[in-house]
Amino acid sequence: MASGFAIFFAALFLLFVDKPWGAIYAAIGIILLTGFLQWYVPLMNYKRNQKYSGVALISPYGIYLNGIWYPDGRFGRIDGVHLIDNNKTHAFQWSQFAMMGGKVPGRNYLTIRVPVPEGEDKKAQQILDHFSNN
């Protein structure tokens, strides 16, 4: 989106302004910055998942998975949980408040998958029961 707006406004400046080079340089900078972020953010997530591989803590207050805290309370909520992959993985539905499209309030939804360790079927059912009753 940002790159598209940058190109649009650079084209407008190119058409209607005598010396549009400042706007064109700014548009190129915005395009380079967004391109860098599109490359870097997935790499950062991949490296975090490699560094904290398999670290998961589940509490009544939220989920800590691979270095990221997903709270169940004021700043986010767990909307539901179910077992998938033949009861080997918890799939938590987590959401947080967000402004969608500027002024329309809504929620961002995310599915968090947490593997169930072998032999922990009883605890997995307790977790499922706890978050299902909320």
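Some points to look at:
- Among the chymotrypsin sites (Phe, Trp or Tyr not before Pro) found in region 61-131, those both in a DSSP coil and sparsely packed, with 14 or fewer other Cβ atoms within 10 Å of their Cβ, are Y61, F75.
- Projecting the Cα positions of Y70, G119, N87 onto the charge dipole of region 39-134 (unit charges on Cβ atoms of Lys, Arg, Asp and Glu, taken about the Cα centre) puts Y70 furthest along the positive direction.
- Axial C-alpha extent at least 27 Å, average Kyte-Doolittle at least 0.5 - helices from the chain (DSSP): none
- Under 5 Å from the amide H of R107 lie the amide H atoms of A98, each residue being 5 or more positions distant or on a separate chain, with H modelled from the backbone and absent for Pro and chain starts.
- Separation of the R107 and Q125 label points, Cα + 7 Å toward Cβ, nm: 2.8 nm
- In this structure the amide hydrogen of G62, modeled in the peptide plane, comes within under 5 Å of the amide hydrogens of D72, none closer than 5 places in sequence on its chain.
- Of the residues I68, I28, I58, the one that moves most in a GNM of the chain with alpha-carbon contacts below 10 Å is I28.
- Cα-based Rg of the chain normalised by 2.2 N^0.38 Å, two decimals: 1.54
- Check: the chain dipole with +1 on Lys, Arg Cβ and -1 on Asp, Glu Cβ, in debye: 260 debye
- Nonlocal amide H pairs with G80, under 5 Å, H built at 1.01 Å: Q93
- Apportionment of accessible area to carbon and sulfur, region 1-66, percent (1.4 Å): 72 percent
The values are calculated or read from the model by the stated rules, or taken from the named source; none is laboratory data. Just so it is clear, the structure is predicted and the values come from calculations on it, not from any experiment. Glycine also receives a Cβ, built like all others from the backbone with ideal geometry; neighbour counts cover every protein chain displayed. Quick note on the areas: whole protein, heavy atoms, side chains included, nothing else; ligands and nucleic acids left out. Shrake-Rupley method; radii C 1.70, N 1.55, O 1.52, S 1.80 Å.
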